[in-house]
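Here's the structure we're looking at; comments come further down.
The values are calculated or read from the model by the stated rules, or taken from the named source; none is laboratory data. Predicted, not measured: the structure shown is a model, and the values here were computed from it. A quick note on method: Cβ atoms are made from the backbone with ideal geometry, for glycine too, and the neighbour counts reach across all protein chains shown.
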Amino acid sequence: MELRAAREPASPDAGDFATLLRQHGLYPPQAAIAAPSPGSPFATPTQATTILAFKFAGGVLVAGDRRATAGNTVVYDRADKVLEIDTHSLMAIAGVPATAWEMARVLEHSFQFYRRSQLQEMSLEGKVRALSKLLRDNLGFVLQGVGVVVPIFAAFDSIAATARLYFYDAMGAQFEAADYAATGSGSPAVRSVLHYENTWGTKPLVKRRESEAIVLALRALDTAAETDTATGGVDRRGRVYPIIKIISKAGIRTLAEKDLARVFQREVS
Amino acid sequence: MIEEPYRWVEAIANRREYIEHQLSGGSPIAALSYRGGILLFTLGRERQKLFEIYDRIGMGGIGHPGDIERLRMAAIELTSTEGFARSAHDVSLRRLANYSLSPLLKAAFEQVYGPPYLARMLFAELGRNGAPNSFLRLDYDGAIQTNGGVFRRAIEEYGVISGTATSTTGMEEFLRKQTLPAASLDRALSIALDAWTVGHLTLSADPKDEPPTKEQIAGHRAEQLAGAAIEAAILEYSSPLPMTWRTLADAEIRVTLQ
């Protein structure tokens with residue numbers, strides 16, 4: 001028996017955690033690209049929806065509703081779709097939670113693994129690209145109709161000292177957003193709201209204070225929930241509020257539910 | 001030839017002698033508990049010797065850089081895949097050392113046609129929820145020395161590695177007399193530097209020699225500190241994140257030691 005690093009140190013895969021997982025059979029291999037079978041039991045996979053993110057004066061705000069659905073059934077009303085990947089990056093997901101949460105987990109471990117094994121932090125470009133690669137590897141499942149994930153990635157760029165925001169399509173193309181991004185079934189409504197507010201509102205999104213940004217995020221999500229059944233509104237009886245996280249130079253902050261409840265009562269309902 | 005039992009024993013003995021000779025110049029590494037967690041400490045001139053393995057596990061190694069690197073990568077890969085497949089709570093130093101690294105080191109050492117690992121390693125693991133910290137020395141032949149806590153052996157709040165057995169014993173005896181866990185990080189740094197100095201002074205000493213005196217330690221400590229870089233890292237209880245490892249910069253701690 002020989003004790004060896006799973007990959008040669010000089011290989012281009014050095015420090016790549018997903019490759020290591022595949023070698024141990026711990027991460028699904030790339031699915032064959034095939035048409036969906038008509039009688040598939042996954043005709044209506046569980047989905048999760050409406051994520052928005054925009055830049056404001058204090059960094060980037062990322063918000064998501066809490067509902068997971070399968071067809072017209074609500075599966076879960078406390079889903080957390082805004083996931084912390086490391087101290088300064090967030091991934092927010094729309095699509096199939098099974099795949100999305102696994103991707104987030106792989107990503108989280110990838111960044112740690114890279115830092116520990118290569119003795120340096122992965123660059124922001126590298127992190128953005130890592131998610132893109134996971135999405136592209138997932139293409140086979142997307143085409144079979146069982147694993148569509150369309151995420152938003154937000155991070156603080158320590159070199160440029162600015163927060164950055166990226167959105168993706170299901171094939172892994174990455175786009176850097178100038179002001180805002182939205183994804184999920186409720187995103188058309190949210191994008192309209194954000195575009196309107198950014199262009200003709202009291203002031204552009206990037207100039208808004210945190211309190212103003214939170215009100216806007218809650219109102220935009222409420223607008224999406226109005227017409228999209230897959231987006232959960234605020235459940236005041238169950239005290240379920242959207243998840244809102246803020247990235248700034250200091251790191252990631254999650255807004256407390258009781259603060260959201262107060263803002264919601266005063267400014268939204 | 002080596003198939004004969006006697007020849008095999010002889011080959012192993014030669015191999016042990018060769019490896020011990022290769023390791024004998026290694027700069028000592030000391031790890032000890034303090035109120036805030038664990039401190040890993042060494043002085044060096046060239047390459048990095050202290051490494052983060054997982055959320056609560058750190059490692060120090062002396063020996064050939066290529067072999068340390070292979071073992072370090074193996075440890076990181078084993079803990080990372082386990083942390084991913086199960087959970088970070090399932091990763092433990094005891095299992096990493098006993099079930100994965102030790103058997104493989106032993107196999108490499110005793111297969112006389114293949115190369116052995118020229119490496120001696122010190123692992124430290126921060127205890128979870130008030131459990132004691134673990135310190136573990138893993139040798140090139142797979143031998144493990146723990147910091148006790150089982151079979152009536154009292155827990156030692158330190159772990160060391162050094163180039164020679166005399167130096168290792170000297171450091172352990174020095175640390176046994178200290179009050180540990182140290183009250184503060186500054187105190188821990190000072191104790192660790194003294195322990196390192198004892199180890200460095202006794203590298204080529206005879207086991208029967210008297211341990212170095214206080215004056216000898218103070219003199220050698222100042223002399224060595226002036227000519228080498230401090231390498232130190234801590235595993236902190238108070239870390240807000242699951243990751244507890246933090247490297248201390250030379251500039252940050254040198255003032256407290258001079």
Go through (1) in contact with a Leu (Cβ under 7 Å, 6 or more places away or on another chain); (2) of a type in the set (A, V, I, L, M); (3) within 14 Å of another protein chain (Cβ to nearest Cβ) for A:V149 and report which single condition fails. (3)
Can you name the residue in the stretch A:83-103 that is surrounded by fewer than 21 Cβ atoms within 10 Å (Cβ to Cβ) and under 20 Å from B:E52 (Cα atoms) and, of all such residues, is nearest to the other protein chains (Cβ to nearest Cβ)? A:T87
Evaluate the stretch A:200-211: report whether one residue or more is of a type in the set (F, W, Y), under 21 Å from A:V74 (Cβ atoms) and in a helix (DSSP H, G or I). no
Has the stretch B:119-139 got at least one residue that is part of a loop (DSSP other than H, G, I, E, B), at pLDDT below 95 and within 13 Å of chain A (Cβ to nearest Cβ)? no
Among the residues that make up the stretch A:121-129, is at least one of them out of contact with any Cys (no Cβ under 8 Å at 6 or more places or on another chain), of a type in the set (G, A, S) and farther than 25 Å from A:Y180 by Cβ? no
Are any residues in the stretch A:56-85 in a strand (DSSP E or B), in contact with a Ser or Thr (Cβ under 9 Å, 6 or more places away or on another chain) and not aliphatic (A, V, I, L, M), and if so, which ones? A:G59, A:G64, A:T69, A:T73, A:Y76, A:E84
Mind listing just one residue for me: the one in the stretch A:151-185 that is at pLDDT below 90 and closer than 24 Å to A:E197 by Cα and, of those, surrounded by the fewest Cβ atoms within 10 Å (Cβ to Cβ)? A:S185
Counting just the residues of the stretch A:104-145 that are within 14 Å of another protein chain (Cβ to nearest Cβ) and aromatic (F, W, Y), which one comes out surrounded by the most Cβ atoms within 10 Å (Cβ to Cβ)? A:F113
Filter the stretch B:85-101 for residues that are crowded, with 18+ Cβ neighbours inside 10 Å and under 18 Å from the mean Cα position of the chain (by Cα); the one that is nearest to the other protein chains (Cβ to nearest Cβ) is B:L101
Residue count, the stretch B:47-84, condition within 8 Å of chain A (Cβ to nearest Cβ) and in contact (Cβ under 8 Å) with a residue 40 or more places away in the chain, comes to 5
Considering (1) closer than 17 Å to B:F84 by Cβ; (2) modelled with pLDDT under 90, say which one A:S117 fails and leave the rest. (2)
Return yes when B:S33 is over 23 Å from A:S117 (Cβ atoms), in contact with a Leu (Cβ under 6 Å, 6 or more places away or on another chain) and surrounded by 13 or more Cβ atoms within 10 Å (Cβ to Cβ) and no when it is not. yes
Just give me the residues in the stretch A:173-192 being under 19 Å from A:R129 (Cα atoms) and charged (D, E, K, R), in sequence order. A:E176
Taking the conditions exactly as written (surrounded by 24 or more Cβ atoms within 10 Å (Cβ to Cβ), under 16 Å from B:D139 (Cα atoms), of a type in the set (G, A, S) and within 13 Å of chain A (Cβ to nearest Cβ)), does B:A107 satisfy them or not? no
Looking at the stretch B:146-160, which of its residues are touching a helix residue (DSSP H, G or I) at 6+ places or on another chain (Cβ under 9 Å) and more than 12 Å from B:L39 (Cα to Cα)? B:T146, B:E156
